[in-house]
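Shown next, in structure tokens, is the structure this report addresses.
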Amino acid sequence: MTSFSSIAPRLEEQAIELPSWAFGNSGTRFKVFGTPGTPRTPEEKIADAAQVNKYTALSPTVALHIPWDKVEDYSALRSFAQDHGVGLGTVNSNTFQEDDYKFGSLTNVDPTIRQKAIDHHFECIDVMDQTGSRDLKIWLADGSNYPGQADLRGRQDRLADSLEKIYARLGEEQRMVLEYKFFEPSFYHMDVPDWGTSYAQVAALGERALVCLDTGHHAPGTNIEFIVMQLLRLGKLGSFDFNSRFYADDDLIVGAADPFQLFRILYEVVRGGGYGADSGVAFMLDQCHNVEDKVPGQMRSVLNVQEMTARALLVDSDALTAAQEAGDVLGANAIMMDAFYTDVRADLATWRESRDLPADPMAAYAASGYQQKIAEERVGGVQAGWGA
Ligand code: PSV
Ligand code: MN
């Protein structure tokens, strides 16, 4: 098997963007629990995100959600982030929380509402110009609940038209990533339910339109790593929204529900050239922490991705190819499993220390007193929550 020391330099290349909304309160339709110290402003969310990077050096950027992270002055927000050692990343649009969008946004039959949704994306691009962000991420709640409710084909055509207008507004260095989700909030059909639809829509636009794969947005049993392989093969994998699911869109800590699946996905990422700064594939988290503290929740998440990336890099690819070509079914499988079963935690701890990072970032954060400090200081105001 490949040795840890030979793959260690590649770990330097890892960057996982954090979602600003992970630091706000979240929950289910049954209850949203408040947590002492929860940020009240985008600045406080960024300050918390910076803590994750401080102890792990894995998360140099924070994704924004508009309008949840709306501020007067985005250049000032950018400087604030820089002062905290992080940058601003992907800008996420939001056309799922206004009454006008009850029957869709970019797909709506009403041209006025469609234009309103397009204008919202133009506003997001204006934000990107000020924050220096590269990616505009679009996820649509558009769809229908009952057969016959909507003209499926007409909606697809209107979506193509709306996306074309948004794409045309992007700057030369900017990209669009279109996320898919197979159900929820629409239950009969979603207008962008799967990677094929997302691919068909972005392929029609041009080079800088790509697919965003949210690991939680697939039916149980879906072979997600196959989709990763295919999108990389087609040059259309733009970004990941990482999280874990047991049942639906649970948004739990990545690698918590099924570490083996995360390993398999990361193996295909590495195999397909999707790993590293020059790959063009953005690693992001899209998670919520409903009952655990948010900063350590995010920390655990990026560490899980790092751990499974190290294991994926450990796969002896030459030996694997030889076994595959020789028809050695069990030998090939054993090569994958050897890498997956390798406990890299001690090696990672030593490697972190060699880079002046704490061997155990979770313990270092817990000992820092930051959690207590924000709980004491952040009194009053309105805690940020999913939707604000
Ligand atoms: C939709 O479920 C989604 O995954 C999209 O990425 C949204 O931007 C995000 O969740 C909001 O939490
Ligand atoms: Mn997502």
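Of GLY276, GLY235, GLY221, all but one fail to be at pLDDT below 95, surrounded by fewer than 17 Cβ atoms within 10 Å (Cβ to Cβ) and not β-branched (Val, Ile, Thr); the exception is GLY276. When VAL91, VAL71 are checked against the criterion of being at pLDDT 95 or above and in contact with a Cys (Cβ under 6 Å, 6 or more places away or on another chain), VAL91 stands alone in meeting it. With the condition kept exactly as written, say whether any residue in segment 204-218 is of a type in the set (Gly, Ala, Ser), within 16 Å of ligand 1 (Cβ to nearest atom), touching a residue at least 40 places away in the same chain (Cβ under 8 Å) and more than 24 Å from PHE103 (Cβ to Cβ). Within segment 204-218 (the criterion being of a type in the set (Gly, Ala, Ser), within 16 Å of ligand 1 (Cβ to nearest atom), touching a residue at least 40 places away in the same chain (Cβ under 8 Å) and more than 24 Å from PHE103 (Cβ to Cβ)), the answer is yes, since at least one residue qualifies. Within segment 247-280, being over 16 Å from the mean Cα position of the chain (by Cα), within 21 Å of PRO220 (Cβ to Cβ) and among the aliphatic types (A, V, I, L, M) holds for ALA248, ALA257. May I ask you to verify whether SER244 is among the hydroxyl-bearing types (Ser, Thr, Tyr), within 16 Å of ligand 2 (Cβ to nearest atom), within 18 Å of SER279 (Cα to Cα) and at pLDDT 95 or above? For SER244, the condition - among the hydroxyl-bearing types (Ser, Thr, Tyr), within 16 Å of ligand 2 (Cβ to nearest atom), within 18 Å of SER279 (Cα to Cα) and at pLDDT 95 or above - is not met.
Across segment 100-143, which residue is farthest from PRO67 (Cα to Cα) among those that are in contact (Cβ under 8 Å) with a residue 12 or more places away in the chain and among the acidic types (Asp, Glu)? Step by step, filter segment 100-143, then rank; the result is ASP142. Quick one: would you say ALA310 is under 17 Å from GLN14 (Cβ atoms) and more than 16 Å from ligand 1 (Cβ to nearest atom)? Answer is yes for this residue. When ILE374 is tested against (1) more than 25 Å from the chain's Cα centre (by Cα); (2) surrounded by fewer than 17 Cβ atoms within 10 Å (Cβ to Cβ), exactly one condition is not met: (2). Any residue in segment 285-298 that is within 16 Å of ligand 1 (Cβ to nearest atom) and either small (Gly, Ala, Ser) or surrounded by fewer than 21 Cβ atoms within 10 Å (Cβ to Cβ) (or both)? The answer is yes; a qualifying residue exists. In the set (1) buried (at least 22 other Cβ atoms within 10 Å of the Cβ); (2) more than 28 Å from GLU72 (Cβ to Cβ); (3) out of contact with any Gly (no Cβ under 6 Å at 6 or more places or on another chain), CYS124 fails one condition alone, (2). Here is the figure for segment 195-218: residues that are in contact with a helix residue (DSSP H, G or I) (Cβ under 7 Å, 6 or more places away or on another chain) and among the β-branched types (Val, Ile, Thr) total 2.
Restricting attention to segment 153-180, which residues are in contact with an Asp or Glu (Cβ under 9 Å, 6 or more places away or on another chain), within 13 Å of GLY143 (Cα to Cα) and surrounded by fewer than 17 Cβ atoms within 10 Å (Cβ to Cβ)? Selection gives GLN156 alone. Within segment 84-103, the set of residues being part of a loop (DSSP other than H, G, I, E, B), buried (at least 18 other Cβ atoms within 10 Å of the Cβ) and not hydrophobic (A, V, I, L, M, F, W, C) comprises HIS84, SER93, ASN94, THR95.
Would you confirm whether any residue within segment 323-341 is within 17 Å of ALA15 (Cα to Cα) and charged (D, E, K, R)? No; the residues of segment 323-341 include none that is within 17 Å of ALA15 (Cα to Cα) and charged (D, E, K, R).
Out of PHE240, PHE183, PHE187, which single residue is surrounded by fewer than 20 Cβ atoms within 10 Å (Cβ to Cβ), within 24 Å of LEU64 (Cα to Cα) and within 16 Å of ligand 1 (Cβ to nearest atom)?
Exactly one residue qualifies, and that residue is PHE183.
Within segment 209-244, the set of residues being more than 21 Å from ILE138 (Cα to Cα) and of a type in the set (D, E, K, R) comprises GLU225, ARG233.
Restricting ALA8, ALA81 to residues that are of a type in the set (A, V, I, L, M), surrounded by fewer than 23 Cβ atoms within 10 Å (Cβ to Cβ) and touching a helix residue (DSSP H, G or I) at 6+ places or on another chain (Cβ under 6 Å) narrows the list to ALA8. Out of ASN145, ASN108, one residue alone is under 27 Å from TRP195 (Cβ atoms), more than 15 Å from ligand 1 (Cβ to nearest atom) and either charged (D, E, K, R) or exposed (fewer than 13 other Cβ atoms within 10 Å of the Cβ) (or both). It is ASN145. I need the full set of residues from segment 34-67 which are assigned to a helix (DSSP H, G or I) and within 16 Å of ligand 1 (Cβ to nearest atom), in order please. PRO42, LYS45, ALA49, listed by residue number. For the residues GLY171, GLY196, the requirement of being more than 18 Å from the chain's Cα centre (by Cα), closer than 26 Å to PHE263 by Cα and modelled with pLDDT of 95 or more singles out GLY196.
Taking the numbered list (1) of a type in the set (A, V, I, L, M); (2) crowded, with 19+ Cβ neighbours inside 10 Å; (3) in a helix (DSSP H, G or I) in turn, LEU136 passes all entries but (3).
The values are calculated or read from the model by the stated rules, or taken from the named source; none is laboratory data. Just so we're clear, the structure is a prediction, and the values are computed from it rather than from any experiment. Counting neighbours? That spans all protein chains shown, and the Cβs are built from the backbone with ideal geometry, glycine included.
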